[in-house]
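Novice: Quick one: the structure is below, and I'll ask about it shortly.
The values are calculated or read from the model by the stated rules, or taken from the named source; none is laboratory data. Fair warning: this is a prediction, and the values are worked out from it, not measured in the lab. Here the Cβ positions follow ideal geometry from the backbone for every residue, glycine too, while neighbour counts run over all protein chains shown.
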Amino acid sequence: MQSGPEALEISTLLDRYLIGLDDDELDDAWARGLFTKDALVEFPMSRHEGLDGLAGYHRDALAAFAATQHLGSPAAVDLDDAGERAVLRANLVSTHVHHPDAADEPLFQVGTLATGEARRAAEGWRLSSLTFRVLWTRGTPPRPREPQ
């Protein structure tokens, strides 16, 4: 694990990602400020590749809930020898608040291991991949969506 200004900049990307999820600031500017054009975001139930549509992908997923709160540990960051790529790892606890009458329990909580990669870009460091592995859950997950 490395420290220093580059590691802090990379770790801050994950922090800004989580804050964006909870603040409903999920637009194309948010995605461009965090991710590379070829980014991959992967959850156990779905994934999205590329910058195009990434903000909408997140908005659609979070629409199942009235609110969320994502709490992350500091990210452990390792830079490659050239200083152009990095890997990161952090632990997350996510609390999802169901819409009224959407579930028997008001909350759905998830403990997750987040891993990712970042690359240096002209604009600064950007996430090129972010993967979430569920370690535990508590409460009722959202109901599957009805087909359109």
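Novice: Could you list all residues from the stretch 36-61 that are over 26 Å from Thr137 (Cα atoms), surrounded by 15 or more Cβ atoms within 10 Å (Cβ to Cβ) and in contact (Cβ under 8 Å) with a residue 40 or more places away in the chain?
Specialist: Thr36, Ala39
Novice: Which of (1) modelled with pLDDT of 95 or more; (2) closer than 16 Å to Tyr17 by Cβ; (3) not in a strand (DSSP E or B); (4) not β-branched (Val, Ile, Thr) is the odd one out, the single condition Asp52 does not satisfy?
Specialist: Of (1) modelled with pLDDT of 95 or more; (2) closer than 16 Å to Tyr17 by Cβ; (3) not in a strand (DSSP E or B); (4) not β-branched (Val, Ile, Thr), only one is false for Asp52: (2).
Novice: Among the residues in the stretch 82-91, are any modelled with pLDDT under 95, surrounded by 14 or more Cβ atoms within 10 Å (Cβ to Cβ) and under 23 Å from Leu40 (Cα atoms)?
Specialist: Looking for residues that are modelled with pLDDT under 95, surrounded by 14 or more Cβ atoms within 10 Å (Cβ to Cβ) and under 23 Å from Leu40 (Cα atoms), one finds none in the stretch 82-91, hence no.
Novice: Test of understanding: among Ala64, Ala7, which residue is surrounded by 17 or more Cβ atoms within 10 Å (Cβ to Cβ), modelled with pLDDT under 95, over 20 Å from Glu117 (Cβ atoms) and out of contact with any Ser or Thr (no Cβ under 9 Å at 6 or more places or on another chain)?
Specialist: So the residue among Ala64, Ala7 that is surrounded by 17 or more Cβ atoms within 10 Å (Cβ to Cβ), modelled with pLDDT under 95, over 20 Å from Glu117 (Cβ atoms) and out of contact with any Ser or Thr (no Cβ under 9 Å at 6 or more places or on another chain) is Ala64.
Novice: Moving to a separate point now. Search the stretch 114-143 for residues that are closer than 12 Å to Leu34 by Cα and pair each with any residue that is aromatic (Phe, Trp, Tyr) when their beta-carbon atoms are under 7 Å apart and the residues are at least 6 apart or on different chains.
Specialist: Going by the 7 Å Cβ cut-off, the qualifying pairs are Ala118/Trp125; Arg126/Phe35; Leu127/Phe35.
Novice: Same structure again: Going residue by residue through the stretch 101-108, is there one that turns out to be within 21 Å of Ile19 (Cα to Cα) and touching a strand residue (DSSP E or B) at 6+ places or on another chain (Cβ under 6 Å)? Before the answer, list the steps.
Specialist: The initial filter retains those residues of the stretch 101-108 that are within 21 Å of Ile19 (Cα to Cα), namely 107-108.
Right, trim to touching a strand residue (DSSP E or B) at 6+ places or on another chain (Cβ under 6 Å) and you get 107-108.
Yes, the stretch 101-108 contains at least one residue that is within 21 Å of Ile19 (Cα to Cα) and touching a strand residue (DSSP E or B) at 6+ places or on another chain (Cβ under 6 Å).
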